[in-house]
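The values are calculated or read from the model by the stated rules, or taken from the named source; none is laboratory data. Just so it is clear, the structure is predicted and the values come from calculations on it, not from any experiment. Cβ coordinates were reconstructed from backbone atoms using ideal geometry, including for glycine residues, and neighbour counts include every protein chain displayed.
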Amino acid sequence: MLTTLAWISANNARAQTFPVLQFTEVSDTVLTVTYDGSPLGNVVKIDTDHWEWHSGIFPFGVQSASFVPGGLGLQWKEQEDASKVNTVSFGLFLPEDFTSDEVKTAQATPELGAEIFSEADPRSDFGDVLENGALVGPTSVPGITGFLVQFVDAGDNGTGVPDSGSTCVLLLGASVALLGLGRIRPATLG
C-alpha cells in the first residue's frame, strides 16, 4: 500500500513539473492561449466557435503547405451541449506568400499552430473525448517538447446579453417599486 502511494505521489509531482499549454474558450468569439500561465502567440478568430492559434514558434527543418494538421488532435466535452466537443488540431502554418519552390528548398519557414473548433461534432480520429479541463500529456509537437495540453471551456458565464423575458421582468419590477415610492408621503410632525 505504501509503495502504491509513493508511486502516485511521485507521478503527481512529476506531472506538475511539465508546463501546460492551455486553451481557454471565454465565449463563442474569444479564445486565449497560455503556456505555463503566460500568453503565447496570437489567436485569430476565423468565425464564431472557430479560431487559429499562431504560436510564434518556427521549428527548423519541417516542410508543409498552408495549414497541415500535425497528427495531434484532441477533443474535450462541450459545456453547453453534451453531444458536442471542443477540438484542438496541431499543425504548421506557412507564410501567405510562399511559393512551391521555397517549400521544395525548405526556404519557407513553417510556424507551429493549431486550429480550434468549439461546439463541433466528435471526431473518431481524435481519440477519446476528455472531460472539460482535463490535462493531456506529456506530449510533444514540432518546436515544443514535454508539455501538457488543456482545454477549458469557461462558457459564457453571464458575459452575454440577458434574454428579453428576464429583462422585461426586471424593468417591470423596477417600475412597480418606483410607483410605490411615489405614493409614500412624508410624515408631518405636529
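Remarks
- Note on the range 79-101: among residues that are within 14 Å of Gly56 (Cα to Cα) and not in a loop (DSSP other than H, G, I, E, B), the one that is modelled with the highest pLDDT is Phe90.
- Taking the range 102-144 as the range and being modelled with pLDDT under 85, of a type in the set (S, T, N, Q) and either within 22 Å of Asp47 (Cβ to Cβ) or not in a strand (DSSP E or B) (or both) as the test, the residues that pass are Thr105, Gln107, Thr109.
- Flag if Leu5 is loosely packed, with under 10 Cβ neighbours inside 10 Å and either farther than 18 Å from Phe117 by Cα or modelled with pLDDT under 95 (or both): yes
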